[in-house]
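Shown next, in structure tokens, is the structure this report addresses.
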Amino acid sequence: RRLKFQYCKVIIATSMVWVMVDMFLLMYFTDCSAMSSADCQRKAKEENGNPQPPKESVGFLEKIIPQGLMPKRVPTGPGEQGRAVAVPDSMKDEAKEKFKINQFNLVASDMISLNRSLPDYRMDACKKKEYQVSKFPTTSIIIVFHNEAWSTLLRLVHSIINRSPRALLKEIILVDDASDKDHLGRQLDNYVKKLPVPVKVLRSEERTGLIRARLKGAAASTGEVLTFLDAHCECTEGWLEPLLHEIYKDRTSVVCPIIDVISDDTFEYITGSDMTWGGFNWKLNFRWYPVPQRELERRGGDRSLPTKTPTMAGGLFAIQRDYFYEIGSYDEGMDIWGGENLEMSYRVWMCGGQIFIVTCSRVGHVFRKTSPYSWPGGVARIINHNTQRIVEVWMDEYKDFFYKINPGVKNTAYGDVTARKELRKKLQCKSFRWYLENVYPESQMPLDFYSLGEVRNKETGMCIDTMGRKSGEKVGMVACHGMGGNQVFSLTKKHKLMTDDNTCIVTSHNKKVMLGNCGGGNTEWKYDQKTFVLKHVNTDMCLQKPIGRERDTPSLGSCTGELSQQWILGDMKFD
Ligand code: LR7
Ligand code: MN
């Protein structure tokens, strides 16, 4: 009997311990890992459909449980483990309305914990790498924002704190570019004071644009490396070490993580490919393209090694602080948004540095379809202004591609670029041609070309026009408008009639004139500058005006050399 009593006592004691452990874990699983218990309760309410930015909150459990000892959470809340969030039907109207504020689903974002968990998305080879973290430079993380939402901005800050080695994280610098939202004022100042990492909040009274805002952040930084992030990102496990590793090895390396996609609708975390790199087209739009075979081979097929990239997207990268200034930081003459990423890409490569996508580092970014904020002076004016500053300083004769396709831009003022030209001279930077030959031979800009501009038929006076169509569709022929755009073609020295976005004039198997990929077949044309004839090499036939019922597309015919087969090409440079 006594034994039985003892036995009962043990059971009671054990159950009590378990109840306590349960309570502890329950609190934890409700995902309050960086909140006071009051905030935790509020959070639970929010997750029940009353999203509000938390007023105040402290690094609660993070403070009492030392880093590294945190138990692995069993994530249950909305969006945990990077899952998509379903906005309840009762909130769909509100979600639709609030989408306009930031051009993403704010209601969905507000439903997700600021500490949401994410899977470890790295490839196995990356997880196995061991880094000499103690030797690495420290970093300041610079985040500029204009009217960013509370939940996206703070979820980013929490993801940095939760997933970066504390010893490497010197500080986080938030640069408020003249936001007018209440939650980004004193509420933000108070919130960040309680975080376990130093956070500086800098404010601009006037809207300066992201370029000058980043310069302001950089000037206030004390870390050895500057890491820039857009304000609506989330960092994943192990994101920082591989970036700093590259800079530690070579201070002239500018490094980007793989930029994964956070859905603007559901906030699902969707991994991007490690097989894309950055390029650009004639309009100087930044674009992702497949990494060419040559670059895969350079890495010996090891996809966990950093990929050299001709350009970077611009929002997410790390650079050694002194090197950032040595290489010319940013062009302070650039306004609001746009172009600074290509400017920096050309500058770094042409002036002796290099740019990598570090495939072991993954950071998510909310990609938006349109821009949510105001563009003082108009979108076109700002982008043309910034882009002209790039082409005038860095692109040498290749700037013609941009101007031909956008002739109207020449009328936009772009300010004074002499200081940037002097920088280029002082740093003894190489030519844009060198860049195309050595860094970006896959570029859509032909190294050498005979002509650049309209392709005008001598008999009809009409021009070839892509009509905005794609590869595989027919080519148009309409009145020449002299406004560039879809009527700009280049006859390259590889004898291709090329237009923007790697599209060429080709012929189909039934001898129709079509748009096609420049890397495909049937792309060669020979121009005779005396007879003005454009002969298609594979068929030995000539390009001519539309015939028969097809009145709006050029055709192929047996070569006669008559006026209907004669063409004037824009800006001819035959030698
Ligand atoms: O006036 C402004 N002031 C700001 O502080 C305008 C913007 N900003 C902030 C803004 O709040 C955000 O944090 O600047 C950051 C970038 O602005 P976004 O998010 O509107 O830009 P984006 O993501 O559409 O654009 C990409 O191209 C930009 C060109 O100037 C910048 O380089 C962005 O950093 C860049 N984003 C990325 O590279 C993420 C991946 C997107 C791609 C491809
Ligand atoms: Mn962005």
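At-a-glance table
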{"quantity": "Any hit, region 269-284, residues being in contact (Cβ under 8 Å) with a residue 24 or more places away in the chain, crowded, with 16+ Cβ neighbours inside 10 Å, closer than 27 Å to ALA419 by Cβ and near ligand 1 (Cβ under 10 Å from one of its atoms)", "calculated": "yes"}
{"quantity": "Failed criterion for LYS474 (all others in (1) surrounded by 21 or more Cβ atoms within 10 Å (Cβ to Cβ); (2) in contact (Cβ under 8 Å) with a residue 40 or more places away in the chain hold)", "calculated": "(1)"}
{"quantity": "Region 230-261: number of residues that are among the small types (Gly, Ala, Ser) and either more than 16 Å from ligand 2 (Cβ to nearest atom) or without any contact (Cβ under 8 Å) to a residue 60 or more places away in the chain (or both)", "calculated": "2"}
{"quantity": "Any hit, region 431-441, residues being under 17 Å from PHE280 (Cβ atoms), under 23 Å from the mean Cα position of the chain (by Cα) and among the charged types (D, E, K, R)", "calculated": "no"}
{"quantity": "Matching residues in region 351-371 - criterion: being farther than 20 Å from ASP265 by Cβ and either within 13 Å of ligand 1 (Cβ to nearest atom) or assigned to a strand (DSSP E or B) (or both)", "calculated": "GLN354, ILE355, PHE356, ILE357, VAL358, THR359, CYS360, SER361, ARG362"}
{"quantity": "Near pairs, Cβ below 8 angstrom, 6+ apart or cross-chain, from region 368-384 (closer than 28 Å to ASP260 by Cα and free of Cβ contacts under 8 Å to residues at least 12 places away in the same chain) to any residue that is of a type in the set (Ser, Thr, Tyr) and more than 16 Å from ligand 2 (Cβ to nearest atom)", "calculated": "none"}
{"quantity": "Enumeration of residues in region 204-214 that are out of contact with any Leu (no Cβ under 9 Å at 6 or more places or on another chain), surrounded by 14 or more Cβ atoms within 10 Å (Cβ to Cβ) and free of Cβ contacts under 8 Å to residues at least 40 places away in the same chain", "calculated": "SER204"}
{"quantity": "Flag if ILE383 is part of a helix (DSSP H, G or I) and within 16 Å of ligand 2 (Cβ to nearest atom)", "calculated": "yes"}
{"quantity": "Hey, THR309 surrounded by fewer than 22 Cβ atoms within 10 Å (Cβ to Cβ) and of a type in the set (Val, Ile, Thr) or not", "calculated": "no"}
{"quantity": "Qualifying residue in region 133-142 (condition: among the hydroxyl-bearing types (Ser, Thr, Tyr) and surrounded by fewer than 23 Cβ atoms within 10 Å (Cβ to Cβ))", "calculated": "yes"}
{"quantity": "Residue match in region 329-339 (condition: aliphatic (A, V, I, L, M) and closer than 29 Å to PRO137 by Cα)", "calculated": "no"}
{"quantity": "Residues (within 15 Å of the chain's Cα centre (by Cα) and under 24 Å from MET275 (Cα atoms)) located in region 297-339", "calculated": "THR309, PRO310, THR311, MET312, ALA313, GLY314, GLY315, LEU316, PHE317, ALA318, GLY339"}
{"quantity": "Single residue of ASP176, ASP180 found to be under 23 Å from GLY209 (Cβ atoms), within 16 Å of ligand 1 (Cβ to nearest atom) and loosely packed, with under 14 Cβ neighbours inside 10 Å", "calculated": "ASP180"}
{"quantity": "Sole residue being in a helix (DSSP H, G or I) and either within 12 Å of CYS233 (Cβ to Cβ) or free of Cβ contacts under 8 Å to residues at least 60 places away in the same chain (or both), chosen from SER134, SER151", "calculated": "SER134"}
{"quantity": "Elements of type strands (runs of 3 or more DSSP E) in region 224-328, at least 1 residues being over 27 Å from MET445 (Cα atoms)", "calculated": "225-229, 233-235, 253-262, 317-320"}
{"quantity": "Set LEU168, LEU226: member being more than 16 Å from ligand 2 (Cβ to nearest atom), at pLDDT 95 or above, buried (at least 20 other Cβ atoms within 10 Å of the Cβ) and over 26 Å from MET334 (Cβ atoms)", "calculated": "LEU168"}
{"quantity": "Cross-chain or 6+ apart pairs with Cβ under 6 Å, region 298-326 first and of a type in the set (A, V, I, L, M), then more than 16 Å from ligand 1 (Cβ to nearest atom) and assigned to a loop (DSSP other than H, G, I, E, B)", "calculated": "LEU305/ARG299"}
{"quantity": "Search result, residues across region 202-222 that are more than 13 Å from ligand 1 (Cβ to nearest atom) and touching a helix residue (DSSP H, G or I) at 6+ places or on another chain (Cβ under 7 Å)", "calculated": "ALA218, SER221"}
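The values are calculated or read from the model by the stated rules, or taken from the named source; none is laboratory data. These numbers come from a predicted model, not from an experiment. Note that we place each Cβ from the backbone using ideal geometry, even for glycine, and neighbour counts take in every protein chain shown.
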